[in-house]
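Step one of this worksheet: look at the structure below.
Each reported figure results from applying straightforward, stated rules to the coordinates on display, with no laboratory input. Remember, predicted model here, so these are calculated numbers, not experimental data. Note: ideal-geometry Cβ built from the backbone for every residue, glycine included; neighbour counts use all protein chains shown.
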Amino acid sequence: MTNLVTIDQDRIVTDSQTLARTFGKRHADVIRAYDKLGCSAEFSQRNFASADYLDAQGKVRRCITMTKDGFAMLAMGFTGPKAAAFKEAFIMEFNRMAEALARGERNLWQQLQAVIAKETESQVKASFGSHLMLERKRELPRFRDEREELAAKIQPSLLN
C-alpha cells in the first residue's frame, strides 16, 4: 500500500478521505470519529488540520489532514483484523516516507528553494543598475539549468 501519505511542507501527512477509502468507511463516519476524539487542544493543533475539498456534486466538504501521531490517535478506534492490517500499512508507509526524506529527497527540495531564492536575489540586484542587469543576464541560464536539474530529480520521487 503506497500513496497513503504525502509530504506537506516539512510534514508527512495523510487525510481523512484516504483513511476512509483505505479502511472501507464512509468519510462522514471518519469525520465524526475525529470530532469525538476529545484529545487536548495542543495535540490537535500539532497533529490535525482542517481542509476543504469539492465532492462529486461540487459541494465544499470538510477534510482533516493528520500527522502520523494524529493518524494513530484517530485509527485507534478502528477495530478488527482488517483494521489492524490497515493500521500496520499506514504506519509502514509513514516510516517509508520518513526514510525517503532522510535519504535526501528533502535536501533536493531545499536545494530547489535555495536556487529560487538566489534567482530572486539576482532579480532584486538587477533593479539597482544596468551593470547589475548584465550580471543577471549571465546568471539566468545557470539558475534555469540548476532549477530544471533539481526539479527533474525531485519529480520521480513524487510519483512513487
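Looking only at residues in the range 18-43 that are surrounded by 17 or more Cβ atoms within 10 Å (Cβ to Cβ) and free of Cβ contacts under 8 Å to residues at least 40 places away in the same chain, which one is nearest to the chain's Cα centre (by Cα)?
Looking at the filtered set, the residue picked out is Thr18.
Read through the list (1) surrounded by 18 or more Cβ atoms within 10 Å (Cβ to Cβ); (2) within 19 Å of the chain's Cα centre (by Cα), then give the number of the only condition that Asn3 fails.
It fails just one condition, (1).
If you take the residues of the range 57-71 that are among the basic types (Lys, Arg) and over 24 Å from Asn95 (Cβ atoms), which of them is surrounded by the most Cβ atoms within 10 Å (Cβ to Cβ)?
The residue in question is Arg61.
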